[in-house]
Amino acid sequence: MVPPRENWSFNVGASPASYPGMGIDEGPDSPKPFIIESHARCEYQGLKPYESCDYSTLVPADFQIALERNARLIAQATSVLTMLGRSVADFGSMIVLTDGTGTILRTQCQSTFIEQADKVALRPGVSWSESSKGTNAVGTALILESDIFVQGEEHFFQSNHFLSCAASPILDHSSNVIGVLDASGDKRSFHAHTAGLVAMCARTIENNWFRDKFRQTPQLHFHAVAELIGTSEEGIIAFGEDGQILGANREALRILDISASTLRVKGLRLLFGLGFAELMDKLRYTTMTPMQLHLSNGKTIFIRVSWNEASGISKSVNASFAQMHPARPVAAPSLLLAKGAPAARKSSYQLDELDAGDAQVRAVAQKVRQVIDRDISILIVGETGTGKELLANAIHQFSRRRNQPFVAINCASIPEQLIESELFGYEEGAFTGAKRKGDQGKLSQANGGTLFLDEIGDMPLPLQARLLRVLQERKVVALGGHRSTDIDINLICATHRNLRELMDQRSFRDDLYYRINGISVKLPPLRERTDLPGLCQRILRELSPNHALSIQSSLMDSFLRYAWPGNLRQLNNVLKTAAVIAMSDREITTAHLADDFKEELAALSPPTLARTGAVDGPKRSALPTRPLAAGEFINTWDLANLTASKATPTNSLEQLEITTIMRVLAACAGNVSLASKQLNISRNTIYRKLNRQT
């Protein structure tokens, strides 16, 4: 009989070398305690060593969601994967990057081992969690949250006995596992040094992720050896503008011999013997040469600071900071770039930056600005891809909570049976496959900051009742637990669905709707926005900051007539592909577009005859196919000609729509801006609908 989970004992925080038999040189005759315990877990879950593994791959849509959710991790790991892949190529190994659940995101292989790897589904989209593949380096490292080496027959499933694998978990700034780096290869050629390389590269990815996460704030870099600052072994701590510790990497906790929670409680003065302002004043003038510092525990370390020169913090880190910068929200430092400096790719915008010229978006920004920091829940409505999470992030950045966590969860992308544990967390042993130490849950992670619930209309009905209770009582109880934890969150929800219709269908609770709908704002779809040219130029500047790109006028004309069903997400992907293909070209044309998108543009109705000059009779001005500036007009001759010569629409509703637009335009003497306001539609919509009739 397998012992109960709570009786399994192993040192989760220990390094691989601290386990008897964990070393690579030890053979199968010296059973490792963590291998024995892992096999026991596998048997407890009903796995059979001689049966076939689960080789199923995520469906493309789910895998795409996993890639998007882990985009930052992938970006920070890509160069490391390439380097590590080259280093182990001669030993016939494959490099694997997984997410925090064990699902493979990327692989790197420069040897013939790829054929063997394919036989056991070492490929993107496949889960290598312990519950799926039994004892293996990736899955077991996720459970132990430690560097793991599994060789040959130590794998639970017999089909994996030809493998030797070394894995190292990748931790974020709060010591949560966000992924695993693994090297897997044939046990006959697997080199002893590979495990050390994997561990070092995992720390490098952690540091890359950490620096990117806190690129807008000061960071302290330190080590007991000055020469090791800047390497994968350095400790890093990030600070907010008030000196509050925002996060620390794994090496920082090891060097200081402290836990992440204790680090935040102690703060700077107890750790370094100096307050924030004093420490920053000393370090700002010693950015090149590390400064020696004696810790309160007697250790000596060398320390230096990295500044974001665009931030207000780098310009003033003295005791008068609070007086110089009152409670009014401060823009995110990385967005306050010097005039003329190239802009880096942004993961979020400020509210003012979301306004690229469209009146509807400007109105949304003005409305939410009035309720920020007033404990009013915000509901964002809009089609998929219209930028709902971008707006939520901008709201968070504008609020007083901007230095606290912004936690987003997509209620539609998480399986129904997992979303409850994702939101509320769980205690150790709450269910089969639960992490040994339990999990905090998104609600607790967002404490003090902002929780963004995307696609809340897809939340299961039983879970809605529990969420409502949490929002009312501001207390969370984890699955399998009994103690309640107080939380303080700003709630932002979003959906592309009609919640009132869902309420009528009894699939969305009325009381939850009125609780989350303190104020509702609607983001317009891209086809109704009037700022498409400006949006394109902004995206291109961010995608290619050092290489000026423009869009051919005829292609922009097609863009303006295209419906953009994927909205901003589709536009960004189209321009990203075009920018890469354009390379040294200065202008994007149809030749730089993906073939499938090029076909969609080719299928569009042709431009107006008037604009191509194919109309007999008096020469006339072209009917605009894109918005004019406020106050400009459609030529009255054009309007009269259009009214007289239009084809009859096949749909009666469409005919009524066109007739109404033309009557209002005539009443406004061709003033499109005035007509759009009276009709409550965008100028883009007016031009598009009129052009269909020419």
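Of the residues in segment 555-567, at least one is in contact (Cβ under 8 Å) with a residue 40 or more places away in the chain, within 21 Å of Asp454 (Cβ to Cβ) and surrounded by 20 or more Cβ atoms within 10 Å (Cβ to Cβ). Look at segment 256-284 and say how many of its residues are closer than 24 Å to Trp209 by Cα, touching a Phe, Trp or Tyr at 6+ places or on another chain (Cβ under 8 Å) and surrounded by fewer than 20 Cβ atoms within 10 Å (Cβ to Cβ). Result for segment 256-284: 1.
Residue-wise test of (1) surrounded by fewer than 19 Cβ atoms within 10 Å (Cβ to Cβ); (2) of a type outside the set (A, V, I, L, M, F, W, C).
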{"residue": "Ile519", "(1), (2)": "yes, no"}
{"residue": "Leu523", "(1), (2)": "no, no"}
{"residue": "Pro533", "(1), (2)": "yes, yes"}
{"residue": "Ala579", "(1), (2)": "no, no"}
{"residue": "Ser584", "(1), (2)": "yes, yes"}
{"residue": "His592", "(1), (2)": "no, yes"}
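The residues in segment 182-229 that are surrounded by fewer than 23 Cβ atoms within 10 Å (Cβ to Cβ), in contact (Cβ under 8 Å) with a residue 60 or more places away in the chain and among the acidic types (Asp, Glu) can be counted, and the count is 2. For beta carbons closer than 6 Å, sequence separation of 6+ or different chains, a first residue in segment 368-381 that is within 10 Å of Ser399 (Cβ to Cβ) and a second that is part of a loop (DSSP other than H, G, I, E, B) and polar (S, T, N, Q), the qualifying pairs are Ile372/Ser399; Asp373/Ser399.
Taking the options Leu502, Leu491, name whichever one is outside any helix (DSSP H, G or I) and surrounded by 14 or more Cβ atoms within 10 Å (Cβ to Cβ). So that I can check it myself, show each step before the final result.
Details: Leu502 fails: outside any helix (DSSP H, G or I).
Leu491 is the lone residue from the list that is outside any helix (DSSP H, G or I) and surrounded by 14 or more Cβ atoms within 10 Å (Cβ to Cβ).
Does Ser232 satisfy being in the same structural domain as Pro218 (by TED's automatic domain parsing), outside any helix (DSSP H, G or I) and polar (S, T, N, Q)? Yes, satisfied.
Of the residues Arg69, Arg106, Arg86, the single one that is surrounded by fewer than 22 Cβ atoms within 10 Å (Cβ to Cβ), out of contact with any Asp or Glu (no Cβ under 7 Å at 6 or more places or on another chain) and over 28 Å from Asp454 (Cα atoms) is Arg86.
Screening Ser93 against (1) surrounded by 24 or more Cβ atoms within 10 Å (Cβ to Cβ); (2) at pLDDT 85 or above; (3) within 20 Å of Lys187 (Cβ to Cβ) leaves a single unmet condition, (2). Residues of segment 372-393 being among the basic types (Lys, Arg) and surrounded by 22 or more Cβ atoms within 10 Å (Cβ to Cβ), which ones? If the condition is that a residue be among the basic types (Lys, Arg) and surrounded by 22 or more Cβ atoms within 10 Å (Cβ to Cβ), then Lys388 is the only one that fits.
Here is a check on your reading of the model: is Leu512 more than 25 Å from the chain's Cα centre (by Cα), surrounded by 17 or more Cβ atoms within 10 Å (Cβ to Cβ) and within 25 Å of Ile395 (Cβ to Cβ)?
yes
Residue-level analysis places Asp29 outside the set of residues that are part of a helix (DSSP H, G or I), out of contact with any Leu (no Cβ under 9 Å at 6 or more places or on another chain) and either modelled with pLDDT under 70 or more than 23 Å from Glu145 (Cα to Cα) (or both). Of the helices (runs of 4 or more DSSP H) that lie entirely inside segment 102-195, those containing 2 or more residues that are β-branched (Val, Ile, Thr) span 137-144.
The values are calculated or read from the model by the stated rules, or taken from the named source; none is laboratory data. What you see is a predicted model; the values in this text were computed from it and never measured. Don't worry about glycine lacking a Cβ; one is built from the backbone with ideal geometry, like all the others, and counts go over all protein chains shown.
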